[in-house]
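What follows is a set of notes on a single structure, which appears directly below.
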Amino acid sequence: MGPQDNKEFPFAPTDTATLPASAAEDSPLPDVIVKLAPESNTVEHCKVNSTTPSAETHISIGCQVVVPFLIAGMGMVGAGFYLDHVQDWEVFMKVPEIIILVPSLLGLKGNLEMTLASRLSTEANLGHMDDPKEQWSMILGNLTLVQCQAIVVGLMSAVVAIAMVAVTQQEFSLSHTLLLCSCSIITSSIASLLLGFITATVIVVSRYFNVNPDNVATPIAASLGDITSLILLSWVASILHDADDKFSWISSIIIGCYILVIPFWVFIAKKNKYTHSILYTGWTPVVVAMLISTLAGLILDILMAKYKDLAVYQPVINGVGGNLVSVQASRLSTELHKDNELGTLPPTARICISPLDAFFSKQQYAMTARVLMLVVVPGHLIFVYAIRYFKEGNASPTKIFIFFYLTAALVQVAILLYVAYVITYYFWSRKVDPDNSTIPYLTALGDFLGIMLLGITFEFLYLLGDIQLPT
(Lines give C-alpha, C1' and ligand atoms only; values in the text may rest on other atoms or scores of the structure.)
Protein backbone atom coordinates (compact mmCIF):
# COMPACT_ATOMS: atom_id res chain seq x y z
CA MET A 1 0.00 0.00 0.00
CA GLY A 2 1.54 3.29 -1.05
CA PRO A 3 0.90 6.86 -0.04
CA GLN A 4 -1.86 7.20 -2.61
CA ASP A 5 -3.77 4.35 -0.96
CA ASN A 6 -4.20 6.23 2.31
CA LYS A 7 -7.19 8.30 1.28
CA GLU A 8 -9.57 5.93 3.02
CA PHE A 9 -7.42 5.93 6.16
CA PRO A 10 -5.80 9.36 6.29
CA PHE A 11 -4.83 8.85 9.93
CA ALA A 12 -2.62 5.84 9.17
CA PRO A 13 0.97 6.99 8.61
CA THR A 14 2.82 5.33 5.74
CA ASP A 15 6.27 5.75 7.19
CA THR A 16 7.34 6.45 10.73
CA ALA A 17 10.15 8.59 9.41
CA THR A 18 7.63 11.13 8.11
CA LEU A 19 6.23 11.77 11.57
CA PRO A 20 7.58 14.91 13.23
CA ALA A 21 9.28 14.38 16.56
CA SER A 22 6.87 16.81 18.21
CA ALA A 23 3.90 14.78 16.99
CA ALA A 24 5.19 11.69 18.72
CA GLU A 25 5.85 13.59 21.92
CA ASP A 26 2.60 15.58 21.99
CA SER A 27 0.26 12.79 20.91
CA PRO A 28 -2.93 13.03 22.98
CA LEU A 29 -3.66 9.31 22.67
CA PRO A 30 -0.61 7.42 23.91
CA ASP A 31 -2.62 4.36 24.89
CA VAL A 32 -4.00 3.59 21.43
CA ILE A 33 -2.25 2.51 18.27
CA VAL A 34 -4.23 2.58 15.05
CA LYS A 35 -2.83 0.33 12.35
CA LEU A 36 -3.79 -1.44 9.17
CA ALA A 37 -4.07 -5.19 9.09
CA PRO A 38 -1.41 -6.67 6.78
CA GLU A 39 -3.60 -7.78 3.91
CA SER A 40 -6.90 -6.04 4.46
CA ASN A 41 -8.42 -2.60 4.65
CA THR A 42 -9.60 -3.08 8.25
CA VAL A 43 -8.40 -1.01 11.15
CA GLU A 44 -7.15 -2.57 14.37
CA HIS A 45 -7.09 -0.74 17.73
CA CYS A 46 -4.51 -2.10 20.13
CA LYS A 47 -4.38 -1.09 23.79
CA VAL A 48 -0.89 -0.64 25.08
CA ASN A 49 -0.12 -0.59 28.79
CA SER A 50 2.59 1.65 30.07
CA THR A 51 3.99 -1.32 31.93
CA THR A 52 3.30 -4.96 31.25
CA PRO A 53 3.72 -7.08 34.38
CA SER A 54 5.17 -10.53 34.07
CA ALA A 55 2.83 -13.50 34.40
CA GLU A 56 1.94 -14.20 38.03
CA THR A 57 2.33 -17.62 39.62
CA HIS A 58 0.93 -19.29 42.73
CA ILE A 59 4.05 -18.30 44.64
CA SER A 60 4.15 -14.68 43.47
CA ILE A 61 0.45 -14.15 44.27
CA GLY A 62 0.83 -15.89 47.63
CA CYS A 63 3.89 -13.84 48.60
CA GLN A 64 2.10 -10.57 47.83
CA VAL A 65 -1.16 -11.59 49.52
CA VAL A 66 0.02 -13.34 52.70
CA VAL A 67 1.82 -10.50 54.50
CA PRO A 68 -0.98 -7.90 54.09
CA PHE A 69 -3.51 -10.63 54.92
CA LEU A 70 -1.77 -11.48 58.20
CA ILE A 71 -1.40 -7.80 59.10
CA ALA A 72 -5.09 -7.27 58.36
CA GLY A 73 -5.99 -10.39 60.33
CA MET A 74 -4.18 -9.21 63.45
CA GLY A 75 -5.99 -5.90 63.08
CA MET A 76 -9.26 -7.86 63.07
CA VAL A 77 -8.18 -9.84 66.13
CA GLY A 78 -7.60 -6.52 67.87
CA ALA A 79 -11.02 -5.33 66.74
CA GLY A 80 -12.59 -8.51 68.13
CA PHE A 81 -10.95 -7.98 71.51
CA TYR A 82 -12.06 -4.37 71.52
CA LEU A 83 -15.67 -5.30 70.69
CA ASP A 84 -15.58 -7.94 73.43
CA HIS A 85 -14.37 -5.23 75.83
CA VAL A 86 -16.77 -2.41 74.97
CA GLN A 87 -19.93 -4.52 74.89
CA ASP A 88 -20.04 -4.05 78.67
CA TRP A 89 -19.74 -0.24 78.52
CA GLU A 90 -22.66 1.74 79.90
CA VAL A 91 -23.64 3.17 76.52
CA PHE A 92 -23.77 -0.30 74.94
CA MET A 93 -25.88 -1.60 77.82
CA LYS A 94 -28.34 1.32 77.77
CA VAL A 95 -28.44 1.69 73.96
CA PRO A 96 -28.15 -1.93 72.70
CA GLU A 97 -29.08 -0.81 69.18
CA ILE A 98 -25.45 0.26 68.77
CA ILE A 99 -24.47 -3.41 68.36
CA ILE A 100 -26.69 -3.56 65.27
CA LEU A 101 -24.58 -0.78 63.75
CA VAL A 102 -21.32 -2.72 64.15
CA PRO A 103 -21.48 -4.92 60.99
CA SER A 104 -22.87 -2.01 58.98
CA LEU A 105 -20.15 0.47 59.99
CA LEU A 106 -17.39 -2.13 59.77
CA GLY A 107 -18.85 -3.07 56.40
CA LEU A 108 -18.32 0.48 55.17
CA LYS A 109 -14.68 -0.45 54.54
CA GLY A 110 -16.04 -2.96 52.02
CA ASN A 111 -18.71 -0.66 50.66
CA LEU A 112 -16.45 2.37 50.31
CA GLU A 113 -12.74 1.89 51.06
CA MET A 114 -12.34 -1.50 49.37
CA THR A 115 -14.34 -0.26 46.40
CA LEU A 116 -12.05 2.78 46.31
CA ALA A 117 -9.02 0.45 46.48
CA SER A 118 -10.35 -1.69 43.62
CA ARG A 119 -11.10 1.39 41.50
CA LEU A 120 -7.69 2.99 42.04
CA SER A 121 -5.85 -0.34 41.68
CA THR A 122 -7.38 -0.84 38.25
CA GLU A 123 -6.40 2.68 37.19
CA ALA A 124 -2.86 2.13 38.52
CA ASN A 125 -2.46 -1.19 36.69
CA LEU A 126 -3.63 0.45 33.46
CA GLY A 127 -0.99 3.17 33.89
CA HIS A 128 -3.52 5.97 34.35
CA MET A 129 -1.97 7.09 37.66
CA ASP A 130 1.56 7.54 36.32
CA ASP A 131 0.96 11.23 35.61
CA PRO A 132 1.21 13.06 38.99
CA LYS A 133 -1.42 15.64 38.01
CA GLU A 134 -3.94 12.99 37.00
CA GLN A 135 -3.03 10.95 40.07
CA TRP A 136 -3.89 13.78 42.45
CA SER A 137 -7.09 14.60 40.58
CA MET A 138 -8.17 10.97 40.71
CA ILE A 139 -7.37 10.56 44.41
CA LEU A 140 -8.96 13.81 45.60
CA GLY A 141 -12.07 13.23 43.49
CA ASN A 142 -12.51 9.73 44.88
CA LEU A 143 -11.93 10.85 48.48
CA THR A 144 -14.61 13.50 48.03
CA LEU A 145 -17.02 10.94 46.60
CA VAL A 146 -16.33 8.49 49.44
CA GLN A 147 -16.93 11.25 52.01
CA CYS A 148 -20.31 12.02 50.47
CA GLN A 149 -21.27 8.34 50.40
CA ALA A 150 -20.06 7.79 53.97
CA ILE A 151 -22.29 10.52 55.39
CA VAL A 152 -25.39 9.36 53.52
CA VAL A 153 -24.87 5.64 54.17
CA GLY A 154 -23.92 6.24 57.81
CA LEU A 155 -27.18 8.10 58.38
CA MET A 156 -29.21 5.51 56.48
CA SER A 157 -27.69 2.58 58.40
CA ALA A 158 -28.68 4.18 61.70
CA VAL A 159 -32.23 4.83 60.48
CA VAL A 160 -32.58 1.24 59.22
CA ALA A 161 -31.23 -0.15 62.52
CA ILE A 162 -33.75 1.93 64.47
CA ALA A 163 -36.58 0.80 62.18
CA MET A 164 -35.60 -2.87 62.63
CA VAL A 165 -35.60 -2.50 66.41
CA ALA A 166 -38.95 -0.71 66.32
CA VAL A 167 -40.51 -3.49 64.23
CA THR A 168 -38.99 -6.49 66.01
CA GLN A 169 -39.01 -5.25 69.61
CA GLN A 170 -41.84 -2.69 69.51
CA GLU A 171 -39.55 -0.05 71.05
CA PHE A 172 -38.72 3.50 69.99
CA SER A 173 -36.76 6.24 71.72
CA LEU A 174 -36.13 9.67 70.19
CA SER A 175 -32.95 10.20 72.24
CA HIS A 176 -31.59 6.81 71.14
CA THR A 177 -32.47 7.63 67.54
CA LEU A 178 -30.58 10.92 67.56
CA LEU A 179 -27.62 9.33 69.36
CA LEU A 180 -27.37 6.49 66.85
CA CYS A 181 -27.66 8.80 63.84
CA SER A 182 -25.04 11.26 65.09
CA CYS A 183 -22.44 8.69 66.17
CA SER A 184 -22.98 6.67 62.98
CA ILE A 185 -22.41 9.73 60.77
CA ILE A 186 -19.31 10.86 62.69
CA THR A 187 -17.81 7.36 62.70
CA SER A 188 -18.38 6.70 59.01
CA SER A 189 -17.17 10.15 57.95
CA ILE A 190 -13.91 10.23 59.94
CA ALA A 191 -13.10 6.55 59.34
CA SER A 192 -13.66 6.88 55.60
CA LEU A 193 -11.46 9.96 55.39
CA LEU A 194 -8.57 8.32 57.27
CA LEU A 195 -8.83 4.97 55.50
CA GLY A 196 -9.24 6.64 52.11
CA PHE A 197 -5.92 8.46 52.51
CA ILE A 198 -4.22 5.25 53.66
CA THR A 199 -5.66 3.26 50.75
CA ALA A 200 -4.54 5.83 48.15
CA THR A 201 -1.06 5.96 49.69
CA VAL A 202 -0.71 2.17 49.65
CA ILE A 203 -1.67 2.03 45.96
CA VAL A 204 0.77 4.77 44.96
CA VAL A 205 3.61 3.12 46.92
CA SER A 206 2.74 -0.32 45.52
CA ARG A 207 2.90 1.03 42.01
CA TYR A 208 6.28 2.61 42.71
CA PHE A 209 7.72 -0.72 43.92
CA ASN A 210 6.12 -2.73 41.05
CA VAL A 211 3.82 -4.64 43.42
CA ASN A 212 0.33 -5.41 42.10
CA PRO A 213 -1.93 -3.13 44.23
CA ASP A 214 -4.84 -5.55 43.66
CA ASN A 215 -3.05 -7.98 45.98
CA VAL A 216 -2.21 -5.61 48.83
CA ALA A 217 -4.44 -2.52 48.84
CA THR A 218 -7.69 -4.05 50.11
CA PRO A 219 -6.16 -6.14 52.96
CA ILE A 220 -4.05 -3.24 54.22
CA ALA A 221 -7.03 -0.88 54.07
CA ALA A 222 -9.00 -3.44 56.06
CA SER A 223 -6.25 -3.98 58.63
CA LEU A 224 -7.01 -0.59 60.22
CA GLY A 225 -10.63 -0.38 59.11
CA ASP A 226 -12.29 -2.53 61.76
CA ILE A 227 -10.39 -1.27 64.77
CA THR A 228 -10.63 2.37 63.61
CA SER A 229 -14.38 2.14 63.12
CA LEU A 230 -14.96 0.38 66.45
CA ILE A 231 -12.85 2.84 68.43
CA LEU A 232 -14.58 5.80 66.84
CA LEU A 233 -18.06 4.30 67.30
CA SER A 234 -17.55 3.40 70.95
CA TRP A 235 -15.89 6.66 72.01
CA VAL A 236 -18.22 8.94 70.06
CA ALA A 237 -21.28 7.06 71.36
CA SER A 238 -19.95 7.20 74.92
CA ILE A 239 -19.14 10.93 74.75
CA LEU A 240 -22.50 11.85 73.19
CA HIS A 241 -24.36 9.64 75.67
CA ASP A 242 -22.65 11.32 78.63
CA ALA A 243 -23.30 14.78 77.16
CA ASP A 244 -26.93 14.04 76.41
CA ASP A 245 -28.08 14.90 79.93
CA LYS A 246 -26.71 18.47 79.79
CA PHE A 247 -26.72 19.13 76.04
CA SER A 248 -29.62 17.18 74.60
CA TRP A 249 -29.48 19.27 71.43
CA ILE A 250 -25.90 18.35 70.47
CA SER A 251 -26.82 15.24 68.46
CA SER A 252 -29.33 17.21 66.41
CA ILE A 253 -26.74 19.91 65.65
CA ILE A 254 -24.21 17.31 64.50
CA ILE A 255 -26.72 15.62 62.19
CA GLY A 256 -27.81 18.99 60.75
CA CYS A 257 -24.24 20.15 60.08
CA TYR A 258 -23.32 16.95 58.26
CA ILE A 259 -26.46 17.12 56.14
CA LEU A 260 -25.64 20.72 55.18
CA VAL A 261 -22.16 19.82 53.89
CA ILE A 262 -23.42 17.00 51.64
CA PRO A 263 -24.16 19.38 48.70
CA PHE A 264 -20.58 20.70 48.94
CA TRP A 265 -19.09 17.21 48.55
CA VAL A 266 -21.57 16.43 45.77
CA PHE A 267 -20.55 19.58 43.88
CA ILE A 268 -16.83 18.69 44.04
CA ALA A 269 -17.37 15.06 43.05
CA LYS A 270 -19.63 16.11 40.18
CA LYS A 271 -16.96 18.44 38.76
CA ASN A 272 -14.28 15.71 38.84
CA LYS A 273 -14.12 13.70 35.61
CA TYR A 274 -13.16 10.52 37.45
CA THR A 275 -16.12 10.52 39.84
CA HIS A 276 -18.84 12.31 37.88
CA SER A 277 -20.53 9.13 36.61
CA ILE A 278 -19.99 7.16 39.84
CA LEU A 279 -21.80 9.89 41.77
CA TYR A 280 -24.96 8.89 39.89
CA THR A 281 -24.45 5.14 39.45
CA GLY A 282 -22.52 4.05 42.56
CA TRP A 283 -25.31 4.25 45.12
CA THR A 284 -27.30 1.06 44.53
CA PRO A 285 -24.58 -1.46 45.57
CA VAL A 286 -23.61 0.66 48.59
CA VAL A 287 -27.18 1.01 49.85
CA VAL A 288 -28.12 -2.64 49.22
CA ALA A 289 -24.92 -3.77 50.94
CA MET A 290 -25.74 -1.53 53.90
CA LEU A 291 -29.19 -3.13 54.21
CA ILE A 292 -27.69 -6.64 54.15
CA SER A 293 -25.05 -5.70 56.74
CA THR A 294 -27.68 -4.11 58.99
CA LEU A 295 -29.75 -7.30 58.83
CA ALA A 296 -26.59 -9.20 59.77
CA GLY A 297 -26.21 -6.77 62.68
CA LEU A 298 -29.69 -7.60 63.94
CA ILE A 299 -28.77 -11.30 63.90
CA LEU A 300 -25.48 -10.49 65.66
CA ASP A 301 -27.37 -8.62 68.40
CA ILE A 302 -29.53 -11.70 69.03
CA LEU A 303 -26.56 -14.09 69.03
CA MET A 304 -24.43 -11.92 71.34
CA ALA A 305 -27.23 -11.86 73.88
CA LYS A 306 -26.83 -15.64 74.13
CA TYR A 307 -23.13 -16.16 73.40
CA LYS A 308 -20.96 -13.35 74.76
CA ASP A 309 -17.73 -15.01 73.54
CA LEU A 310 -18.98 -14.78 69.95
CA ALA A 311 -18.14 -11.06 69.84
CA VAL A 312 -14.38 -11.60 69.68
CA TYR A 313 -14.64 -13.87 66.62
CA GLN A 314 -17.15 -11.82 64.62
CA PRO A 315 -14.75 -9.22 63.15
CA VAL A 316 -12.22 -11.97 62.34
CA ILE A 317 -14.42 -14.35 60.36
CA ASN A 318 -16.22 -11.51 58.58
CA GLY A 319 -13.03 -9.60 57.88
CA VAL A 320 -11.04 -12.55 56.52
CA GLY A 321 -13.81 -13.50 54.10
CA GLY A 322 -14.26 -9.90 52.97
CA ASN A 323 -10.53 -9.31 52.51
CA LEU A 324 -9.88 -12.44 50.46
CA VAL A 325 -12.88 -12.04 48.19
CA SER A 326 -12.02 -8.36 47.65
CA VAL A 327 -8.58 -9.39 46.34
CA GLN A 328 -10.24 -11.78 43.88
CA ALA A 329 -12.88 -9.27 42.78
CA SER A 330 -10.31 -6.53 42.27
CA ARG A 331 -8.08 -8.81 40.18
CA LEU A 332 -11.01 -10.03 38.06
CA SER A 333 -12.05 -6.46 37.35
CA THR A 334 -8.53 -5.39 36.42
CA GLU A 335 -8.15 -8.26 33.95
CA LEU A 336 -11.45 -7.39 32.27
CA HIS A 337 -10.46 -3.72 32.00
CA LYS A 338 -7.10 -4.57 30.45
CA ASP A 339 -8.27 -6.57 27.45
CA ASN A 340 -11.98 -5.94 26.89
CA GLU A 341 -14.45 -3.17 26.28
CA LEU A 342 -17.10 -2.70 28.97
CA GLY A 343 -20.03 -4.94 28.05
CA THR A 344 -17.94 -7.41 26.03
CA LEU A 345 -16.77 -10.60 27.69
CA PRO A 346 -13.63 -12.49 26.62
CA PRO A 347 -14.41 -14.94 23.78
CA THR A 348 -14.14 -18.08 25.94
CA ALA A 349 -15.69 -16.64 29.10
CA ARG A 350 -19.04 -17.63 30.57
CA ILE A 351 -20.92 -15.96 33.38
CA CYS A 352 -22.15 -19.13 35.06
CA ILE A 353 -19.46 -21.76 35.48
CA SER A 354 -19.26 -24.83 37.67
CA PRO A 355 -17.55 -24.54 41.07
CA LEU A 356 -14.94 -27.01 39.77
CA ASP A 357 -14.02 -24.63 36.95
CA ALA A 358 -13.94 -21.69 39.37
CA PHE A 359 -11.32 -23.39 41.54
CA PHE A 360 -9.54 -26.06 39.47
CA SER A 361 -9.34 -24.82 35.88
CA LYS A 362 -6.13 -23.46 34.36
CA GLN A 363 -7.47 -19.90 34.18
CA GLN A 364 -5.84 -17.09 36.15
CA TYR A 365 -8.93 -16.54 38.32
CA ALA A 366 -8.91 -20.22 39.36
CA MET A 367 -5.24 -20.04 40.29
CA THR A 368 -5.92 -16.97 42.43
CA ALA A 369 -8.90 -18.72 44.06
CA ARG A 370 -6.73 -21.71 44.97
CA VAL A 371 -4.09 -19.47 46.54
CA LEU A 372 -6.72 -17.59 48.56
CA MET A 373 -8.34 -20.83 49.76
CA LEU A 374 -4.95 -22.13 50.87
CA VAL A 375 -4.53 -19.02 53.03
CA VAL A 376 -7.78 -19.56 54.96
CA VAL A 377 -6.85 -22.44 57.26
CA PRO A 378 -3.36 -21.33 58.40
CA GLY A 379 -4.55 -17.73 58.70
CA HIS A 380 -7.54 -18.58 60.88
CA LEU A 381 -5.44 -20.97 63.00
CA ILE A 382 -3.05 -18.11 63.78
CA PHE A 383 -5.92 -15.78 64.61
CA VAL A 384 -7.81 -18.31 66.77
CA TYR A 385 -4.73 -19.25 68.77
CA ALA A 386 -3.91 -15.55 69.21
CA ILE A 387 -7.45 -14.89 70.49
CA ARG A 388 -7.35 -17.83 72.90
CA TYR A 389 -3.90 -16.93 74.18
CA PHE A 390 -4.56 -13.25 74.83
CA LYS A 391 -8.12 -13.76 76.06
CA GLU A 392 -7.67 -16.75 78.35
CA GLY A 393 -3.91 -17.26 78.64
CA ASN A 394 -4.43 -20.69 77.08
CA ALA A 395 -3.22 -21.33 73.52
CA SER A 396 -5.04 -24.65 73.16
CA PRO A 397 -8.59 -24.36 71.79
CA THR A 398 -10.42 -27.67 71.64
CA LYS A 399 -10.15 -29.78 68.51
CA ILE A 400 -13.89 -29.79 68.02
CA PHE A 401 -13.98 -25.99 68.16
CA ILE A 402 -11.18 -25.77 65.59
CA PHE A 403 -12.94 -28.23 63.29
CA PHE A 404 -16.32 -26.46 63.26
CA TYR A 405 -14.82 -22.97 63.13
CA LEU A 406 -12.49 -23.77 60.20
CA THR A 407 -15.31 -25.55 58.39
CA ALA A 408 -17.47 -22.43 58.69
CA ALA A 409 -14.60 -20.22 57.47
CA LEU A 410 -13.85 -22.45 54.45
CA VAL A 411 -17.52 -22.62 53.45
CA GLN A 412 -17.83 -18.84 53.72
CA VAL A 413 -14.75 -18.07 51.60
CA ALA A 414 -15.53 -20.75 48.99
CA ILE A 415 -19.03 -19.35 48.45
CA LEU A 416 -17.72 -15.79 48.25
CA LEU A 417 -14.98 -16.61 45.71
CA TYR A 418 -17.44 -18.39 43.44
CA VAL A 419 -20.02 -15.60 43.71
CA ALA A 420 -17.24 -13.06 43.01
CA TYR A 421 -16.57 -14.58 39.58
CA VAL A 422 -20.25 -14.80 38.67
CA ILE A 423 -21.29 -11.29 39.62
CA THR A 424 -18.11 -9.64 38.30
CA TYR A 425 -18.62 -11.13 34.85
CA TYR A 426 -22.36 -10.51 35.03
CA PHE A 427 -21.94 -6.82 35.85
CA TRP A 428 -19.31 -6.46 33.12
CA SER A 429 -21.66 -8.03 30.55
CA ARG A 430 -24.37 -5.54 31.61
CA LYS A 431 -21.97 -2.60 31.08
CA VAL A 432 -21.72 -1.97 34.82
CA ASP A 433 -18.16 -1.35 36.04
CA PRO A 434 -17.46 -4.10 38.62
CA ASP A 435 -14.93 -1.85 40.37
CA ASN A 436 -17.91 0.17 41.63
CA SER A 437 -20.35 -2.67 42.21
CA THR A 438 -19.03 -6.08 43.17
CA ILE A 439 -17.10 -5.52 46.41
CA PRO A 440 -20.01 -3.93 48.36
CA TYR A 441 -22.25 -6.89 47.55
CA LEU A 442 -19.50 -9.41 48.32
CA THR A 443 -18.43 -7.93 51.65
CA ALA A 444 -22.06 -7.58 52.77
CA LEU A 445 -22.71 -11.20 51.77
CA GLY A 446 -19.53 -12.11 53.66
CA ASP A 447 -20.86 -10.36 56.79
CA PHE A 448 -24.17 -12.18 56.54
CA LEU A 449 -22.62 -15.59 55.88
CA GLY A 450 -19.96 -15.08 58.54
CA ILE A 451 -22.43 -14.20 61.28
CA MET A 452 -24.85 -16.98 60.29
CA LEU A 453 -22.13 -19.63 60.07
CA LEU A 454 -20.54 -18.42 63.32
CA GLY A 455 -23.92 -18.62 65.02
CA ILE A 456 -24.47 -22.16 63.72
CA THR A 457 -20.97 -23.09 64.91
CA PHE A 458 -21.66 -21.86 68.44
CA GLU A 459 -25.03 -23.66 68.47
CA PHE A 460 -23.33 -26.94 67.53
CA LEU A 461 -20.62 -26.41 70.13
CA TYR A 462 -23.23 -25.66 72.79
CA LEU A 463 -25.21 -28.80 71.94
CA LEU A 464 -22.01 -30.85 72.09
CA GLY A 465 -21.09 -29.33 75.46
CA ASP A 466 -17.92 -27.63 74.19
CA ILE A 467 -19.05 -24.17 75.34
CA GLN A 468 -21.17 -23.05 78.25
CA LEU A 469 -23.73 -20.28 78.40
CA PRO A 470 -22.96 -17.39 80.78
CA THR A 471 -24.81 -17.63 84.08
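The values are calculated or read from the model by the stated rules, or taken from the named source; none is laboratory data. This is a predicted model, so every value here is computed, not measured. Counting neighbours? That spans all protein chains shown, and the Cβs are built from the backbone with ideal geometry, glycine included. Surface areas here come from the heavy atoms of the whole protein model, side chains and all, with no ligands, DNA or RNA. Shrake-Rupley method; radii C 1.70, N 1.55, O 1.52, S 1.80 Å.
If you go through segment 72-91 one residue at a time, how many are open to solvent by 10 Å² or more (accessible area, probe 1.4 Å), within 19 Å of LEU179 (Cβ to Cβ) and assigned to a helix (DSSP H, G or I)?
Residues that pass the stated criteria total 1.
Among (1) closer than 28 Å to PRO346 by Cβ; (2) touching a helix residue (DSSP H, G or I) at 6+ places or on another chain (Cβ under 9 Å); (3) touching a residue at least 40 places away in the same chain (Cβ under 8 Å); (4) open to solvent by 20 Å² or more (accessible area, probe 1.4 Å), there is one condition VAL371 misses while meeting the rest; what is its number?
It is condition (4) that VAL371 fails.
I'm told ALA163 meets every condition in (1) open to solvent by 10 Å² or more (accessible area, probe 1.4 Å); (2) touching a residue at least 12 places away in the same chain (Cβ under 8 Å); (3) under 26 Å from LEU260 (Cα atoms) except one. Can you identify the failing condition by its number?
(2)
Which of the numbered conditions does GLU134 fail, given that it passes all the others? Conditions: (1) out of contact with any His (no Cβ under 7 Å at 6 or more places or on another chain); (2) open to solvent by 10 Å² or more (accessible area, probe 1.4 Å); (3) over 24 Å from ILE259 (Cβ atoms); (4) not aliphatic (A, V, I, L, M).
(1)
Please give the helices (runs of 4 or more DSSP H) falling wholly within segment 212-309 in which 3 or more residues are touching a residue at least 40 places away in the same chain (Cβ under 8 Å), open to solvent by 30 Å² or more (accessible area, probe 1.4 Å) and touching a Cys at 6+ places or on another chain (Cβ under 7 Å).
250-271
Kindly evaluate TYR426 against the criterion of being surrounded by 23 or more Cβ atoms within 10 Å (Cβ to Cβ), modelled with pLDDT of 90 or more and not acidic (Asp, Glu).
no
Within segment 409-423, is there a residue that is part of a helix (DSSP H, G or I), under 18 Å from the mean Cα position of the chain (by Cα), modelled with pLDDT of 90 or more and surrounded by fewer than 17 Cβ atoms within 10 Å (Cβ to Cβ)?
There is at least one residue in segment 409-423 that is part of a helix (DSSP H, G or I), under 18 Å from the mean Cα position of the chain (by Cα), modelled with pLDDT of 90 or more and surrounded by fewer than 17 Cβ atoms within 10 Å (Cβ to Cβ).
Quick test for you: out of SER184, SER192, pick the one residue that is within 17 Å of the chain's Cα centre (by Cα) and open to solvent by less than 10 Å² (accessible area, probe 1.4 Å).
Only one candidate passes the filter, namely SER192.
If you go through segment 103-121 one residue at a time, do you hit one that is in a helix (DSSP H, G or I) and more than 15 Å from the chain's Cα centre (by Cα)?
The answer is no, given that none of the residues of segment 103-121 is in a helix (DSSP H, G or I) and more than 15 Å from the chain's Cα centre (by Cα).
From (1) open to solvent by 10 Å² or more (accessible area, probe 1.4 Å); (2) assigned to a helix (DSSP H, G or I); (3) touching a Ser or Thr at 6+ places or on another chain (Cβ under 9 Å); (4) closer than 18 Å to ILE423 by Cα, pick out the condition that doesn't hold for PHE359.
Evaluating PHE359 over (1) open to solvent by 10 Å² or more (accessible area, probe 1.4 Å); (2) assigned to a helix (DSSP H, G or I); (3) touching a Ser or Thr at 6+ places or on another chain (Cβ under 9 Å); (4) closer than 18 Å to ILE423 by Cα leaves (3) as the failure.
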